[in-house]
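Note sheet for the following structure.
The values are calculated or read from the model by the stated rules, or taken from the named source; none is laboratory data. These numbers come from a predicted model, not from an experiment. Note that we place each Cβ from the backbone using ideal geometry, even for glycine, and neighbour counts take in every protein chain shown.
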There are 2 protein chains.
Amino acid sequence: MVRIVEVGPRDGLQNEPTAVPTAEKAAFVQRLLESGLKEIEATSFVSPKWVPQLGDAAELWPLLPKGGLYSALVPNERGLDRALETGVQRIALFTAASDAFTQKNINMTVAESLDVFSAVMERFRSERPEGWVRGYVSTAFECPYAGKVDPSATADVARRLLEMGADEVSLGDTIGVAVPREVRALERALGLPKEKVAWHFHDTRGTAVANIAEALSLGYTVFDSSAGGLGGCPYAPGAGGNLATEDLLYFLDRSGVPTGVDHRLVAEASLPILSLLGRSPSSKAQLALLSRP
Amino acid sequence: MVRIVEVGPRDGLQNEPTAVPTAEKAAFVQRLLESGLKEIEATSFVSPKWVPQLGDAAELWPLLPKGGLYSALVPNERGLDRALETGVQRIALFTAASDAFTQKNINMTVAESLDVFSAVMERFRSERPEGWVRGYVSTAFECPYAGKVDPSATADVARRLLEMGADEVSLGDTIGVAVPREVRALERALGLPKEKVAWHFHDTRGTAVANIAEALSLGYTVFDSSAGGLGGCPYAPGAGGNLATEDLLYFLDRSGVPTGVDHRLVAEASLPILSLLGRSPSSKAQLALLSRP
């Protein structure tokens, strides 16, 4: 059985230029939950100054429907304060395998970010003994500023995150460049328990499903995706950013891997949000499914 | 070294609702050739009554620039007459692995189509001893009317085509449903020389590159694709039909497989055509590439 971590409400909406009203976000999560998706990254407690699209995290949280396993991104101690006040039980921390990337995005080196996370994680653990922590390793294959990333660099950061107590790491192909042989190369360098490693592919150049197929064939079972490919407009309408949950589901289902998720309900879940954002669906499987009666 | 068979001018334009002027088609082929693509399926000698978009085959042919290996689809003896008069040296024949599909599309059973092709091929061989023949096996995985196709049925038709003298068969996932495990299953059933088998994937549900990766890993080296994903609107703008040549090239290049093709020139080649058709680019790799300066 695979696990799908739906990141549309957080990673998706964070990368869309238009902010979505809080009630619409809650309704989006409700639809995702009804489709059978359980693990949903719902928002981020990053400063509203930096990510205004998710500035309503504290307002959204109490509106989330019962029954889901919701996580929230927490960038630092202040974000953790807000998350704890809000009642968050599952947090995600965000670093990368490239100093150039973390410097640009969170104004720290990778090592500095791990120090911050270590403190954040310790406090979270003491206040939420039953809590759950995910660590993102962005630019797992290539950095937009520093070029290709050595698999051992990504593996080191992932291992550090698990050593300091993360329940899971998610390896992100942030700029959507990887191909299956790079997945194989990174996997060889990892040496980590497979069930603790999630793969977070972006479909910017059409290779995400191929990478999922490779990771699946290597024995990995945790995959991130974003309903409707939300967050997928780094370049132009129709271009892919996040791997669409619909494309992932189609691939898994047709490959004989059960997900327990209703494809049509997922395909419909993002439609009101896409409409608000003025976008048409960009997931190929979503379009194919919705065109059938 | 892989071979890419560019099918945009034929399979692409045949499936676009708007007809493109002949001079524009010739210029399109010119740009494709300049990008480094050599094998280009340029048109079809099917009746203009059925495919008006390609009704100018005889007019287009003499306008094709020197230096390419151009093929044309030939549906029957009458089409062959026209192709021979026009000076065509490479023909493609089109059948399928499903009777329901050929009945609907060419009004023959698969067996009847093979009889027709046998006669066509014999005459072509006698008039063009140096000629080249490709046989398409459509619905190689699934038929829109009869459902899933048994790999042995596809393998039988492919074998028959090679036995009657085709230089190559192209196995088509016509409705874009296949996933890598189906590619493996079909390959196990084939038992044919790998260099004589081309794979023709449609990206309708985002799985085409994953299927290419699988076929490549199984030792196959001939792949069909369509510049700009032309022909890719079976459902809605942005939905994929033919695998885009840009997506194929990106995958191959990043996988360390040389193609000798200039990605940017390919990405630009379809732009005037897309503009004529009133479409924006739908290939993810194309969009990603064109967004960079």
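The table for this structure:
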| quantity | calculated |
| --- | --- |
| Every residue from the range A:173-198 that is charged (D, E, K, R) and more than 14 Å from chain B (Cβ to nearest Cβ) | A:GLU187, A:ARG188, A:LYS194, A:GLU195, A:LYS196 |
| Criterion violated by B:ASP56 - all others in (1) touching a strand residue (DSSP E or B) at 6+ places or on another chain (Cβ under 8 Å); (2) closer than 17 Å to B:LEU276 by Cβ; (3) crowded, with 24+ Cβ neighbours inside 10 Å satisfied | (3) |
| Only one of B:TYR250, B:TYR220 that is among the aromatic types (Phe, Trp, Tyr) and under 30 Å from A:HIS263 (Cα atoms) | B:TYR250 |
| Top-ranked residue in the range B:149-162 [being out of contact with any helix residue (DSSP H, G or I) (no Cβ under 8 Å at 6 or more places or on another chain) and under 17 Å from B:GLN103 (Cβ atoms); ranked as surrounded by the most Cβ atoms within 10 Å (Cβ to Cβ)] | B:VAL149 |
| Flag for B:THR86 being among the polar types (S, T, N, Q), in contact with a helix residue (DSSP H, G or I) (Cβ under 6 Å, 6 or more places away or on another chain), modelled with pLDDT of 95 or more and under 24 Å from B:THR139 (Cα atoms) | no |
| Index of the failed condition, A:SER126 passing every other in (1) under 30 Å from A:PRO151 (Cα atoms); (2) part of a helix (DSSP H, G or I); (3) modelled with pLDDT of 95 or more; (4) not hydrophobic (A, V, I, L, M, F, W, C) | (1) |
| Candidate set from the range B:259-293 (those that are in a loop (DSSP other than H, G, I, E, B), out of contact with any Leu (no Cβ under 8 Å at 6 or more places or on another chain) and modelled with pLDDT under 95); member that is farthest from the other protein chains (Cβ to nearest Cβ) | B:GLY278 |
| Residues within the range B:81-109 that are out of contact with any Cys (no Cβ under 8 Å at 6 or more places or on another chain) and either under 20 Å from B:VAL157 (Cβ atoms) or charged (D, E, K, R) (or both), tallied | 18 |
| Test for A:THR95: is it among the hydroxyl-bearing types (Ser, Thr, Tyr), out of contact with any His (no Cβ under 7 Å at 6 or more places or on another chain) and without any contact (Cβ under 8 Å) to a residue 24 or more places away in the chain | no |
| Residue match in the range B:37-53 (condition: over 21 Å from B:ARG134 (Cα atoms), of a type in the set (Gly, Ala, Ser) and assigned to a loop (DSSP other than H, G, I, E, B)) | no |
| Residue identified as surrounded by fewer than 22 Cβ atoms within 10 Å (Cβ to Cβ), touching a residue at least 40 places away in the same chain (Cβ under 8 Å), under 30 Å from B:PRO62 (Cα atoms) and among the aliphatic types (A, V, I, L, M) among B:ALA119, B:ALA166, B:ALA146 | B:ALA119 |
| Those residues of the range A:8-31 which are more than 21 Å from A:ASP203 (Cα to Cα) and in a helix (DSSP H, G or I), in sequence order | A:THR22, A:ALA23, A:GLU24, A:LYS25, A:ALA26, A:ALA27, A:PHE28, A:VAL29, A:GLN30, A:ARG31 |
| B:VAL5, sole failed condition from (1) assigned to a loop (DSSP other than H, G, I, E, B); (2) among the hydrophobic types (A, V, I, L, M, F, W, C); (3) under 22 Å from B:SER282 (Cβ atoms) | (1) |
| Failed criterion for B:THR245 (all others in (1) out of contact with any Ser or Thr (no Cβ under 7 Å at 6 or more places or on another chain); (2) polar (S, T, N, Q); (3) buried (at least 24 other Cβ atoms within 10 Å of the Cβ) hold) | (1) |
| Count of residues meeting criterion [at positive phi and in contact with a strand residue (DSSP E or B) (Cβ under 8 Å, 6 or more places away or on another chain)] in the range B:1-39 | 0 |
| Residues of the range A:78-88 that turn out to be surrounded by 17 or more Cβ atoms within 10 Å (Cβ to Cβ) and either farther than 29 Å from A:TYR145 by Cβ or aliphatic (A, V, I, L, M) (or both), as a count | 5 |
| Given (1) assigned to a helix (DSSP H, G or I); (2) in contact with an Asp or Glu (Cβ under 6 Å, 6 or more places away or on another chain); (3) not charged (D, E, K, R), number of the condition B:ALA119 does not satisfy | (2) |
| Filter result for A:SER255 (surrounded by fewer than 19 Cβ atoms within 10 Å (Cβ to Cβ), facing another protein chain (nearest Cβ under 8 Å) and under 30 Å from A:ALA158 (Cα atoms)) | yes |
| Candidate set: the range B:203-233, residues that are among the acidic types (Asp, Glu) and at the interface with chain A (Cβ under 9 Å from one of its Cβ atoms); chosen: the one surrounded by the fewest Cβ atoms within 10 Å (Cβ to Cβ) | B:GLU214 |
| Any chance B:VAL51 is surrounded by 16 or more Cβ atoms within 10 Å (Cβ to Cβ) and modelled with pLDDT of 95 or more | no |
| Which listed residue is on the phi < 0 side of the Ramachandran plot, crowded, with 21+ Cβ neighbours inside 10 Å and under 20 Å from the mean Cα position of the chain (by Cα), from A:ILE106, A:ILE91 | A:ILE91 |
